1. Just to verify a result, which residue in the stretch 187-206, among those that are of a type in the set (A, V, I, L, M) and assigned to a helix (DSSP H, G or I), is nearest to Leu268 (Cα to Cα)?
2. Of all residues in the stretch 95-132, count the ones that are more than 18 Å from Leu84 (Cβ to Cβ), touching a residue at least 60 places away in the same chain (Cβ under 8 Å), not in a loop (DSSP other than H, G, I, E, B) and not aliphatic (A, V, I, L, M).
3. From (1) open to solvent by less than 10 Å² (accessible area, probe 1.4 Å); (2) closer than 19 Å to Ile139 by Cα; (3) among the hydrophobic types (A, V, I, L, M, F, W, C), pick out the condition that doesn't hold for Val243.
4. What's the total number of residues in the stretch 248-278 that are farther than 21 Å from Thr178 by Cβ, of a type outside the set (A, V, I, L, M, F, W, C) and open to solvent by less than 50 Å² (accessible area, probe 1.4 Å)?
5. Can you find a residue in the stretch 113-125 that is open to solvent by less than 70 Å² (accessible area, probe 1.4 Å), of a type outside the set (A, V, I, L, M) and farther than 30 Å from Asp258 by Cα?
6. Within the stretch 60-71, can you find the residues that are in contact with a strand residue (DSSP E or B) (Cβ under 9 Å, 6 or more places away or on another chain) and surrounded by fewer than 18 Cβ atoms within 10 Å (Cβ to Cβ)?
7. May I ask you to list the residues in the stretch 72-94 that are part of a helix (DSSP H, G or I) and either open to solvent by less than 60 Å² (accessible area, probe 1.4 Å) or without any contact (Cβ under 8 Å) to a residue 40 or more places away in the chain (or both)?
8. Could you tell me which residue of the stretch 233-244 is modelled with the highest pLDDT, considering only residues that are within 27 Å of the chain's Cα centre (by Cα) and more than 16 Å from Ala174 (Cα to Cα)?
Amino acid sequence: MQPTEKRSLIKAAHMYYIEQLKQDEIARRMGINRSTVSKYLKRALQAGIVEIRIKQDSHEELEAALERRFHLKEAYVVNTSYDLQEVKQHMAKAGLSLLRRTVGDGEVIGMAWGTTIKELVIAAEAAQMPRIDADIVPIDGGPFDQSSEYHVNTLCYRLSQTMDCRSHYIYAPAITRTPEIRDAILSDVNYEKISNFWQHLTLAVVGIGAPVKSSNLVWMGDFGTESIYSLGRAGAVGEICSVFYDKHGRVIHTEFTDRTIAVPLDILKSLPYSIGMAAGREKVPAIMGALKGEYVNVLITDETTAKILLNE
């Protein structure tokens, strides 16, 4: 390249990228036509005179790898911390960012319950959420303690208040004491109303649980340690909305199946956005099963968990 030619490329590139002039103005100043300016800018890139760098998030490569490996619509990876509560707060903020971008009028938003979803609601209350004409509905029965701050009805109501939209309630536990109680609830008009909303869901937010001592269903008092062992014998590795599945993502029959009140997981597979939030080494089998079952198409997790998933 001749020095005079290189000088012209540098001059055009400087006016365009540094001075931020329009190509018409550059053409006028250099005494050339606009198409020549366009050619100069293209050649400046090809010759390495101009280098364009995109500042990527530190986890962008991990997110892209998760999306490719598991055919996800989106993946969000947050920083790992020894403080699990801090990780949940980071995941909640990522989930909130997604909600702000995707929800709109006419949506039917399904919500499960749990500690991370509670953090999502807290984050929404602290943010400026858009006002929408939508419905927020529970997709799982509530924990045993009906007054719990983690109750799905409470979380639906609080989130609806942040967006000034409608909330609906389910008057049932996640797991009933007997199959007969479940059958009675399924015949009630309240369940009929809620289950009709399930058929029109456009977005769902769920936690991904593992059948371990730290699971939501255990610490909220729905069942004890012996039940955990029985789930392990049945091949359960995870649960979404109190519905258990194996390592292949197949829903399995457990001692709770005939007592569970929750959205059928097949409905989650058909949604435009089914957002799963979970992190932690002990939850990797549960997350993997959920991904294989295609119950979530958006995953929010932390860096350590993401790396383990990719190495499985």
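The values are calculated or read from the model by the stated rules, or taken from the named source; none is laboratory data. Quick caveat, the model's predicted, so the values are computed rather than measured. Cβ: placed from backbone, ideal geometry, glycine included. Neighbour counts: every protein chain shown. When the accessible area is computed, the model is the full protein with side chains, heavy atoms only, and any ligands, DNA or RNA have been set aside. Shrake-Rupley method; radii C 1.70, N 1.55, O 1.52, S 1.80 Å.
1. At the first step, the residues of the stretch 187-206 found to be of a type in the set (A, V, I, L, M) are 189, 194, 201, 203-206.
Within this subset, residues satisfying the condition of being assigned to a helix (DSSP H, G or I) are 189, 194.
Details: Val189: 23, Ile194: 15 Å.
That would be Ile194.
2. Residues in the stretch 95-132 being more than 18 Å from Leu84 (Cβ to Cβ), touching a residue at least 60 places away in the same chain (Cβ under 8 Å), not in a loop (DSSP other than H, G, I, E, B) and not aliphatic (A, V, I, L, M): 2 in total.
3. (1)
4. 4
5. Of the stretch 113-125, the ones open to solvent by less than 70 Å² (accessible area, probe 1.4 Å) are 113-124.
Checking the rest, the ones that are also of a type outside the set (A, V, I, L, M) come to 113-116, 118-119.
Still in the running and farther than 30 Å from Asp258 by Cα: 119.
Among the residues of the stretch 113-125, at least one is open to solvent by less than 70 Å² (accessible area, probe 1.4 Å), of a type outside the set (A, V, I, L, M) and farther than 30 Å from Asp258 by Cα, which makes the answer yes.
6. Kept after step one, since they are in contact with a strand residue (DSSP E or B) (Cβ under 9 Å, 6 or more places away or on another chain), are these residues of the stretch 60-71: 60, 62-67, 70.
Once the filter is applied, which keeps residues that are in contact with a strand residue (DSSP E or B) (Cβ under 9 Å, 6 or more places away or on another chain) and surrounded by fewer than 18 Cβ atoms within 10 Å (Cβ to Cβ), the stretch 60-71 yields Glu60, Ala64, Ala65, Glu67.
7. First, pick out the residues of the stretch 72-94 that are part of a helix (DSSP H, G or I): 84-94.
Those that are part of a helix (DSSP H, G or I) and either open to solvent by less than 60 Å² (accessible area, probe 1.4 Å) or without any contact (Cβ under 8 Å) to a residue 40 or more places away in the chain (or both): Gln85, Glu86, Val87, Lys88, Gln89, Met91, Ala92, Lys93, Ala94.
8. First pass over the stretch 233-244, keeping only residues within 27 Å of the chain's Cα centre (by Cα): 235-244.
From what is left, the residues that are more than 16 Å from Ala174 (Cα to Cα) are 235-237.
Values: Gly235: 82, Ala236: 88, Val237: 91.
Filtering first and then ranking leaves Val237.
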